[in-house]
Structures are given as structure tokens and as C-alpha cells.
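I have placed the structure first, in the form of C-alpha cells, so that the comments after it can refer back to it.
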Amino acid sequence: MGLTISSVPQRIAVLTPDNTDESSTFADKLEVSLEKKVALLDRTLARSAFDSLALTAPFNLSLDEAKHAGQAMGCDFFVLIRSAIQRRSSFERPEYYEGYATVFLVSSKTGRL
């Protein structure tokens, strides 16, 4: 599964279901890198449509839930992002920070990753 080049750009929704600042910052940067390659949906509108489904586990969707979410948002694909920066400690070194980002690209047609 991949993005194909066509005369009509793929419609992509970028979502941050965890509502953290880190995830939003990551999503902003991802959208900037994608904006000339695909048609991005307004994040607020996509989020409203996604939230209207009242999904209990947005990072663990069934195929049907993922298809319904994509249909509700009106997109070809949607991206779910979770990102955080965590403080760590160790006996061997002083306090340090670790960051991560989890990115899921979901097909609205099939519901598959």
C-alpha cells in the first residue's frame, strides 16, 4: 500500500488523539512536509468527525472502526500520531530526556495500516 501520484491529490487527515503538545508539534511539522504533495484536511474538522465516533481506543482500531473513521472524515488516508518527551534517570549518568513519535498511516478504504 502506498501513495500514488495522480492528477487528484490524496486527501489526508492528520490526527493527534492524545491531545498533547508534543504530538501537536510533531503533527504541525509533518503537515508542513506533506502540504505540497497531498491535500490535507483541516485538522480541527477532521478531529471533530473522528471524535464523533466516540472510539474508546483510537490507537487500536478494528478494520471497521478505521473505515468508518475515514468515511466520517472524508479522506483517503488518515495519520494517527502519538509523541512524547520523557525524563529518564540512570545510575550511570545524570537525568536525561528521551523522545519518541508513533505514526500510524491508515487506509480509509480498507481500514488497514
In a Gaussian network model of the chain with springs linking alpha carbons closer than 10 Å, the residue among Ser89, Ser52, Ser23 that fluctuates most is Ser89
For Lys109, counting only aspartates and glutamates whose alpha-carbon sits under 14 Å away and dropping same-chain residues fewer than eight positions off, the answer is Asp64, Glu65, Asp76
Taking a crude spin-label model, label points 7 Å out from Cα along the C-beta direction, the Tyr97 to Ala54 distance in nm is 3.8
Beyond 24 Å, the calculated P(r) of the chain holds a percent of Cα-Cα pairs equal to 29
The chain: relative contact order from alpha carbon pairs under 8 Å, six or more residues apart, as a whole percent, is 31
The distance between the Cα centres of the stretch 76-103 and the stretch 6-60, in whole Å, is 20
The longest stretch of the chain containing none of the chymotrypsin sites (Phe, Trp or Tyr not before Pro) that sit in a DSSP loop with at most 13 other Cβ atoms within 10 Å is 1-58
Semi-axes of the stretch 5-50 from the Cα gyration tensor (sqrt of 5 times each eigenvalue, largest first, whole Å) come to 21, 13, 6
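The numbers here are math on the coordinates, done by the rules we state, and not lab data. These figures come from a predicted structure and were not determined experimentally. Positions of Cβ are generated from backbone atoms using ideal geometry, with glycine treated the same way; all protein chains shown enter the neighbour counts.
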